[in-house]
1. Of these, Asn87, Asn48, which one is of a type in the set (S, T, N, Q) and free of Cβ contacts under 8 Å to residues at least 12 places away in the same chain?
2. Is there a residue being in contact (Cβ under 8 Å) with a residue 40 or more places away in the chain, in contact with a strand residue (DSSP E or B) (Cβ under 6 Å, 6 or more places away or on another chain) and not assigned by TED's automatic domain parsing to the domain that holds Pro50 anywhere in the stretch 193-201?
3. Name the single residue that is surrounded by the most Cβ atoms within 10 Å (Cβ to Cβ) among those in the stretch 3-55 being part of a strand (DSSP E or B) and in contact with a Lys or Arg (Cβ under 6 Å, 6 or more places away or on another chain).
4. Any residue that is closer than 30 Å to Pro194 by Cα and modelled with pLDDT of 95 or more - is there at least one of those in the stretch 9-20?
5. Take Ser116 and decide whether it is touching a residue at least 40 places away in the same chain (Cβ under 8 Å), among the small types (Gly, Ala, Ser) and closer than 26 Å to Leu161 by Cα.
6. Would you check if there is a residue in the stretch 192-204 being among the hydroxyl-bearing types (Ser, Thr, Tyr), touching a helix residue (DSSP H, G or I) at 6+ places or on another chain (Cβ under 9 Å) and not in a helix (DSSP H, G or I)?
Amino acid sequence: MGKTFTVNETRIPKFNSPQDLLEGKRLYQSRGCGDCHDVDGSGKTFINDPAIGTISGANLTAGIGGILKDRSDEELAIAIRHGVGKNGRALIFMPSTDFQGMTNEDVGKLIAYLRSTPAVNKEQGEIKPGPLGRFLYLIGEIPILVSAEQIDHDVKHLENLKPTVSLEYGKYVAATCTGCHGMKLVGGPIQGAPPEWPHAQNITKVGLTHYSENSFIQAIRTGKRPDGSEMKFPMPWQSLSKLTDTELKAVWMYLQSI
């Protein structure tokens with residue numbers, strides 16, 4: 001966990017129009033950033049378990065205790081996509097495997113939105129993996145604890161990707177599901193989750209036999225499955241409901257292909 005990584009900076013485009021900032025906000029919401037960094041970006045403790053550990057998201061604002069003033073856009077992009085922070089240090093429990101494929105344009109709009117938000121004075125919460133968390137990491141059950149180990153740091157990022165109902169775009173958006181549903185999206189125990197959390201569902205074609213495209217989109221929008229049952233925590237349907245129709249249709253197409 002004390003490992004350092006060398007990541008070359010990629011130039012991140014700058015955005016400041018109201019439309020681009022609104023898109024950055026939607027990306028923040030729909031990709032689940034608020035689940036760890038709170039709705040206002042000030043960070044919060046999202047796992048507090050004696051065995052697993054205490055894990056808190058950083059304050060992403062320019063307030064006291066926040067990191068925004070001390071990071072360039074390029075450094076923030078490395079943290080988001082590579083799980084690597086200041087001075088090359090590995091970020092603990094940053095799910096960068098979800099975001100490693102984000103385009104320069106999307107990352108730029110996300111960062112522009114963060115820089116537009118009000119400063120919040122809030123010190124960084126505790127980050128302290130517990131004994132069980134360390135053991136599970138050691139045997140390879142929580143690779144997300146140091147996601148930087150799972151990522152190709154020499155990859156060349158796409159500049160942009162046009163939103164279309166296509167397999168390519170569906171795979172791009174569905175990457176945000178891998179943190180809970182696994183890299184193959186077959187579900188199972190959620191990495192680092194306390195034992196009382198339910199397992200993630202298989203969301204490949206086999207696991208979605210009771211869904212149609214319409215009912216899948218409706219479930220993400222409302223948090224209710226086709227049989228009327230409610231999706232329970234930690235399924236972040238409230239965040240995913242911010243996905244556009246194009247994104248959800250593309251995700252459905254991709255999930256049906258695997």
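The values are calculated or read from the model by the stated rules, or taken from the named source; none is laboratory data. Fair warning: this is a prediction, and the values are worked out from it, not measured in the lab. Heads up, the Cβs are rebuilt from the backbone with ideal geometry, glycines too, and the neighbour counts pull from every protein chain shown.
1. Asn48
2. Within the stretch 193-201, the first condition is being in contact (Cβ under 8 Å) with a residue 40 or more places away in the chain, and the residues that meet it are 193-194.
Cutting the leftovers down to in contact with a strand residue (DSSP E or B) (Cβ under 6 Å, 6 or more places away or on another chain) gives us 194.
Within this subset, residues satisfying the condition of being not assigned by TED's automatic domain parsing to the domain that holds Pro50 are 194.
Yes, the stretch 193-201 contains a residue that is in contact (Cβ under 8 Å) with a residue 40 or more places away in the chain, in contact with a strand residue (DSSP E or B) (Cβ under 6 Å, 6 or more places away or on another chain) and not assigned by TED's automatic domain parsing to the domain that holds Pro50.
3. Gly53
4. Among the residues of the stretch 9-20, not one is closer than 30 Å to Pro194 by Cα and modelled with pLDDT of 95 or more, which makes the answer no.
5. yes
6. Filtering the stretch 192-204 down to residues among the hydroxyl-bearing types (Ser, Thr, Tyr) leaves 204.
Narrowing further to those that are touching a helix residue (DSSP H, G or I) at 6+ places or on another chain (Cβ under 9 Å): 204.
So of that shortlist, the ones also not in a helix (DSSP H, G or I) come out as 204.
Yes, the stretch 192-204 contains at least one residue that is among the hydroxyl-bearing types (Ser, Thr, Tyr), touching a helix residue (DSSP H, G or I) at 6+ places or on another chain (Cβ under 9 Å) and not in a helix (DSSP H, G or I).
For every residue, the table says whether it meets (1) of a type in the set (Asp, Glu); (2) at pLDDT 95 or above; (3) closer than 16 Å to His157 by Cα.
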site: Arg71; (1), (2), (3): no, yes, no
site: Ala79; (1), (2), (3): no, yes, yes
site: Gly83; (1), (2), (3): no, yes, yes
site: Asn87; (1), (2), (3): no, no, no
site: Ser96; (1), (2), (3): no, yes, yes
site: Gln100; (1), (2), (3): no, yes, yes
site: Glu105; (1), (2), (3): yes, yes, yes
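This table checks each residue for (1) surrounded by fewer than 21 Cβ atoms within 10 Å (Cβ to Cβ); (2) touching a Phe, Trp or Tyr at 6+ places or on another chain (Cβ under 6 Å); (3) modelled with pLDDT under 90.
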residue	(1), (2), (3)
Tyr172	no, no, no
Thr178	yes, no, no
Gly192	no, no, yes
Pro195	yes, no, yes
Gln201	yes, no, no
Gly207	yes, no, no
His210	yes, no, no
Asn214	yes, no, no
